[in-house]
Amino acid sequence: MSAPPEFPIPKREPGEWKPKIVGILCNWCSYAGADLAGGGRIQYPPDVRVIRVMCTGRIDALFVLKAFADGADGVLVSGCHFGDCHYLEGNFKAAKRMFMVKRLMKSIGLDDRRFRMTFVSASEGAKWGAVITDVVKTINELGPSPITEFNK
Amino acid sequence: MAEKKKTTAKKTEAKKEIKHEAPAKQETKKQAPAPVGSTTKQEARIGVFICHCGTNIAGSMDIPAVQEYVKTIPNVAYVDNYKYMCSMPGQAVINKAITEQKLTGVVVAACSPRLHEPTFRTATKEGGLNPFRFEMANIREQNSWVHMHDQEGSTEKAKDAIRIAVAKAALLQDLYPKAVPVEHAAMVVGAGVAGMQAALDLANAGIKTYLIESDASIGGRMSQLDKTFPTLDCSQCILTPKMVDVGRAPNIELMTWSEVDAVEGYIGNFDVTIRKKARGVLSVAEAEAKGIVGGGCNGCGDCEVVCPVVKPNEFEVGMKPRKAIYINHPQVVPLLYTIDWNSCIKCGLCVTACGEKKAIELEQKDEFVKVKVGTAILATGFDIFPVENKTEWGYKRYENVITSLEFERLICASGPTGGHLVRPSDGETPKRVAFVLCAGSRDNTGNGKPYCSRFCCMYSLKHAHQIIEKIPGCVPYLFYMDIRSFGKMYEEFYYRIQDEGGKFIRGRVANILEDPVTKNLHVHADDTLLDRPVDLDVDLVVLAAAVQPKEDTNRTRKLFGVSCSMDGWLLEAHPKLNPCGTTTAGVFLAGVCQAPKDIPDTVASAEGAASAASIPIHMGEVELEPYFATCIEEKCAGCGMCVNLCPYSALALVEKEGRKVMQVTEAKCKGCGTCGGFCPGGAIWMNHFATPQIVAQIDAFLLGGEQ
């Protein structure tokens, strides 16, 4: 396992914007990979909140949209690698839906980089750390969700 | 750091009821239809229990602050913390609170649910609640351990994680696991020493065991070895009794030259389709079944004598010829010839030679056999890393560079040279032999394997001993990085080889050059102990090649739904506490397919896997997690989209009250939720991962808490 990615711990003033990112993870690969990152003490930024489902196939496109409607700055869906799904093919079906979500986001003018689907296996703790670091970096660059601003 | 927190002091203050306004809750409550197992509508009273895990959690976050915050979360009726929540006193705290506080749900904020969910479910049950009214907030693996130096960040994250968990716990329902009977039979895939040991153990425990081997004979890699370290037992001498036992055991149904073709079902009830590859030769039993009296292959070998096709023998690593109809070596079990269809010219000479036994069928086709088993063990073993990829050592370019497996066959009395170690280039006896250890192992260049193959040090020591013993005056030079002699009597064996005259040079071999006239080899390395370059002129080089998962492993593991590590070895359920189990219930791992192991460790892991695989069978039934899909019939439009999505064919459309609705066969449903993730009408209720529960989690994170 490679050395933990270095990232500066941001010093934030009270009231300063912090990204709100929802992570929906499958139980067998990505959640296990995230646990492995913990066991390996791989350090990454704390901005993603994780919701566990049994399979990414469970993830309704509406869950992602609900998160954005609620004001999420980013959503991450992570599952098994193709061909490695604990339930044979749930991740294929999830990926198809998630492409649809991306297209929908583009058409409503929401930057589709706010939404990402990744594939992290149960043995890829270091990769999980890298994925989270990169997701948080992207969302920090994009800034607060326009939907939150709109709702204000 | 954690000493200052007195854990028992804070019980009284958390008693008060907390009033709240919750945008998330109101929204989700309307849409929770609760079609199954729902209890009376009562207000949720959730108990939250925060674990310090010593300093694992408490060391990285402010637990008192988290506890104070949790009191303000909607539906939370009680909060407590304890140093080790999973300990008996910790669980007693949960038990007591459930009764005293009349809790309807329990949230434990501690480690990963993949670790301790069963523990706390049991504690919840003992407290008098349905175990599925428990939810876990992971504040260790995915919080305190990964934000060790960001106290503020981890404290905030823990607050959110608990709020999310409470939102779900408030909507959880009573669920009841389904008990299913377990078929009184097991399957072992791979009949090397691991597979044979596992099959023998299962069979001796009274379980019908199907032993599937893709090769023509059982025995695996161990049957190719000459001696075993450190005892110098003859490998075949200690293996053949086991092979014979396997062939004889009434409870073992041995299927060689066979592969697993398809697997369906779940723990207790796996339906496995086995492809019996066309062997071209009938066994005595098969011949009898066809009405050929006194027929079938008796291993006489008359066919082999007349066969005109000559091919390299894979068992001898291509160093000995075989015919197109062949057995690999004299001790094969079962003693049955096999036709290599890629080489056979179907001349029919063997059929004539076989005569009245009528054992040979040149037009045989693959057959498919279906068996039902309760549990399965994978013991698929390893291949040798293609060490020719490390071009600097010249394997397959220089004749006198061989691998350790070739060395084993050359030094073995039953091998191609009758046990005389010779140089492949000229047949001369070598006097100076270099051994290159870590040949492809512990290699981070990207052109090798990053892991230690674990048994190469020891067998190379054994090889050194063998040449000193067999060839007077022959000197072994071992180029090593570290000698890893970790087992019982291994270190003593290392000293013995030093005393016998083995030369140890600590340095990685940079390259090997061949003298084109003499075919001698120049081994170039840097002696890191003496800090000087080495150029050694030797007669023979033996590469202790790395091992890698067998080529077919990927296909087999996917059939059984088993994951693999980054390096391709099959992934165990837990590296320390469940090394034989996998994430697929009822499927276990034995031997090197999980990671490199020497023979004692392989046999031990096989016995462990056999023991684990026999437990569900002896119990007679297992409980399945009740995460089934259910149809909310009033919402179902009968479109049937879900039916095609289900990978297990668990869903079907049925006529009910004059319209079509979906129906779930619970025994087939594994609870992935692929149907529930798609249903356009929201008519599928996934137990424990229902849409309202997940939406409540999203809302709790984004709409609840401090804005």
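Sparsely packed loop sites in segment A:55-152 (the chymotrypsin sites (Phe, Trp or Tyr not before Pro) outside DSSP H, G, I, E and B with at most 11 other Cβ atoms within 10 Å) comprise A:Phe82. Legend: calculated FRET efficiency, A:Lys106 to B:Met566, from the Cβ-Cβ distance at R0 = 30 Å, rounded to 0.05, equals 0.35. Only helical runs count toward this figure. For chain A, summing -39,500 (n - 2.57) over DSSP H runs of n ≥ 4 and dividing by all residues gives -12500 deg cm²/dmol at 222 nm.
Between B:Ala610, A:Pro14, A:Trp128, the Cα set farthest toward the positive side of the dipole of the protein assembly as shown (charges on each charged residue's Cβ, about the Cα centre) is that of A:Pro14. Between B:Lys396 and B:Phe486, the simple label model (points 7 Å from Cα in the Cβ direction) yields a spacing of 3.1 nm. May I ask for the distance between the Cα centers of segment A:121-146 and segment B:573-620, given as a whole number of Å? That distance is 35 Å. At most 10 other Cβ atoms within 10 Å plus a DSSP loop assignment makes a site exposed; report the longest stretch of chain A without any exposed GluC sites (Glu not before Pro). Counting at most 10 other Cβ atoms within 10 Å as exposed, the longest clean stretch of chain A is A:17-152. Annotation note: GluC sites (Glu not before Pro) in segment B:301-391 located in DSSP loop regions with a Cβ neighbour count of at most 14 within 10 Å are B:Glu363. By definition, a body whose alpha carbon gyration tensor gives a ≥ b ≥ c is oblate when a/c is 1.5 or more and a/b is not larger than b/c, and segment B:262-354 fits this oblate description. Summing Lys, Arg as +1 and Asp, Glu as -1, what charge do residues with Cβ under 10 Å from the Cβ of A:Gly83 carry, A:Gly83 excluded? Residues close to A:Gly83 contribute a combined charge of -1. Model label points for B:Ala510 and B:Val310, set 7 angstrom from Cα along the Cα-to-Cβ axis, are 4.3 nm apart.
Rounded to the nearest whole Hz, the Karplus-based 3J(HN,Hα) values (6.51 cos²θ - 1.76 cosθ + 1.60, θ = phi - 60°) of segment B:632-648 follow the sequence 8, 4, 5, 9, 6, 8, x, 6, x, 4, 5, 4, 6, 6, 5, x, 10, with x at glycine and proline.
Loop-located trypsin sites (Lys or Arg not before Pro) across segment B:68-107 with a Cβ neighbour count of 13 or fewer within 10 Å are B:Lys102, with loop assigned by DSSP. As a length-normalised measure over Cα pairs under 8 Å and 6 or more apart, the relative contact order of segment B:395-490 settles at 22 percent. Computing FRET efficiency as 1/(1 + (r/R0)^6) for B:Ala205 and B:Asn644, where r is the C-beta to C-beta distance and R0 is 35 Å, gives about 0.25.
Each part gets one Cα centre, and for segment B:349-380 versus segment B:152-198 those centres are 40 Å apart. Taking the DSSP bridge list for the protein assembly as shown and keeping only pairs wholly inside it, about 45 percent are antiparallel. What the Cβ-Cβ distance of B:Asn251 and B:Lys656 gives, at R0 = 51 Å and to the nearest 0.05, is a FRET efficiency of 0.65. Applying a threshold of 18 Å to the alpha-carbon distances of B:Lys470/B:Lys597; B:Lys83/B:Lys168; B:Lys276/B:Lys372 flags B:Lys470/B:Lys597; B:Lys83/B:Lys168 as lying beyond it. One quarter of the convex hull surface built on the alpha carbon atoms of the protein assembly as shown amounts to 43.0 nm², the projected area averaged over directions.
In chain B, the DSSP-assigned H stretches of four residues or longer account for a calculated mean residue ellipticity at 222 nm of -8000 deg cm²/dmol, using -39500 (n - 2.57) per stretch and the full residue count as denominator. Segment B:671-693 and segment A:51-113 have Cα centres separated by 15 Å. Global dimensions of chain B from alpha-carbon coordinates: Rg and Dmax equal 31.7, 94 Å.
Length gained on full extension, B:Asn298 to B:Val517, computed as 0.36 nm times the residue gap minus the Cα-Cα distance: 73.9 nm.
Need one word for segment A:61-152: rounded, prolate or oblate. Basis is the Cα gyration tensor (sqrt eigenvalues a ≥ b ≥ c); a/c below 1.5 gives rounded, then a/b vs b/c decides.
oblate
Here the spin labels are modelled as points 7 Å beyond Cα on the Cα-Cβ line, and at A:Glu13 and B:Lys503 they lie 7.3 nm apart. The length gained by stretching the chain between B:Asp526 and B:Met88 to full extension, at 0.36 nm per residue less their Cα-Cα distance, is 152.0 nm. Electrostatic tally near A:Leu104: other residues with Cβ closer than 11 Å to its Cβ, Lys and Arg +1, Asp and Glu -1, net +3. Thinking of segment A:12-107 as a set of Cα atoms, what percent of all their pairs are more than 22 Å apart? Percentage above 22 Å: 35.
Annotation: aspartates and glutamates with alpha-carbon distance below 12 angstrom to B:Lys277 (same-chain offsets under eight excluded): B:Glu213, B:Asp215, B:Glu259, B:Asp261, B:Asp340, B:Asp366, B:Glu367.
Values quoted throughout were computed directly from the atomic coordinates according to the rules given, and no laboratory measurement underlies them. Not measured: the values here are computed from a predicted model. Every residue, glycine as well, gets a Cβ built from its backbone with ideal geometry; the counts of neighbours run over all protein chains shown.
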